[in-house]
Every structure is written in structure tokens, then in C-alpha cells.
Amino acid sequence: MLTSSKKIAILNASSTINEASKEALDAALIYGSYEQTTSLFFQGEGVRQLLNNQNVEIVSIKDYLKTMAALEFYDIENIYACKASLAERGLKEEFHLDNVQVLNSDDFSKALHQHQVILRF
């Protein structure tokens, strides 16, 4: 029996503190639990999701960012941040995740388009 597996990219382009960001993380964990090759991409306002010391309590959303620590257990190891998005916001590369790869715009686009499915949140 042949099985077909597509590479899935979850593109986070929304700000940190919203339901779409939580749904993106949930989707990544679901795909990971079914052993689908899943990568996370952070671009635009989405790069803020990677930053240390965030206060999600101010908008009454459960601190789903702690769940990101579980990514490695789901074999989600490819996590990318857009360098231009960080620079545009004056943000440093100090993330609450250890294995984030910061890519220039061209490399970010190339990595994203190596996936057959791209889900944008």
C-alpha cells in the first residue's frame, strides 16, 4: 500500500495575541500528530509570536505560546522567521524557541514554496 504525504507549511502572518495564532499552532500539532511533514513560518506581524516575555493575559487568551515547547515532540523542527519582518519591526532575534532559522526574504520564499500545502493564519 502506497501512502502519499504532502509537506505542509503553516504561515503565521497575524499578530501574536489572537485566535488565528492559536489555531495555527493547533493545526501544526494536529498535522504533526499524524506524522505529516510540517513546517512553521513566521512573517509580518507573525514574527512577534516568537518573541520572549509576551503577556497574553491582557486579552484573556490562554497562554498557548507555552504549547510551542511541544513542537519537538511532534517532530516539527523546521521553524522559520523572515529577517526582513524582524528588521521592519526593530526586533532582535531573541526567541522563546531555540531552533528558529532566520532567513532573508528570498530564502524564506524558497523554503515556503517547497511545500505542497500552505495554510495562512
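The values are calculated or read from the model by the stated rules, or taken from the named source; none is laboratory data. For clarity, every value in this text was computed on a predicted model and none was experimentally measured. For accessibility, only protein heavy atoms count, side chains too; no ligands or nucleic acids. Shrake-Rupley method; radii C 1.70, N 1.55, O 1.52, S 1.80 Å.
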Practice task
For the stretch 37-45, take each phi angle, set θ = phi - 60°, evaluate the Karplus expression 6.51 cos²θ - 1.76 cosθ + 1.60, and give the result in whole Hz per residue in order, putting x for glycine and proline.
Solution key: 5, 10, 10, 10, 10, 10, 9, x, 5
Handout entry: Under the Karplus curve 6.51 cos²θ - 1.76 cosθ + 1.60, θ = phi - 60°, whole-Hz ³J(HN,Hα) for the stretch 95-100, x wherever Gly or Pro sits
Key = 9, 7, 10, 7, 9, 7
Completion exercise
Reduced to Cα centres, the span from the stretch 85-99 to the stretch 22-55 in Å works out to 15 Å
Practice task
Kindly write out, for the stretch 80-90 in residue order, the coupling ³J(HN,Hα) from the Karplus curve 6.51 cos²θ - 1.76 cosθ + 1.60 (θ = phi - 60°), rounded to whole Hz, with x marking Gly and Pro.
Solution key: 10, 10, 7, 4, 5, 5, 5, 4, 4, 9, x
Practice task
May I ask you to give the solvent-accessible area per residue for the stretch 8-120, in square angstrom, as obtained with a 1.4 angstrom probe?
Solution key: 56 Å²
Fill in the blank from the handout: In the stretch 8-120 the DSSP beta bridges are antiparallel at a rate, in percent to nearest 5, of 5 percent
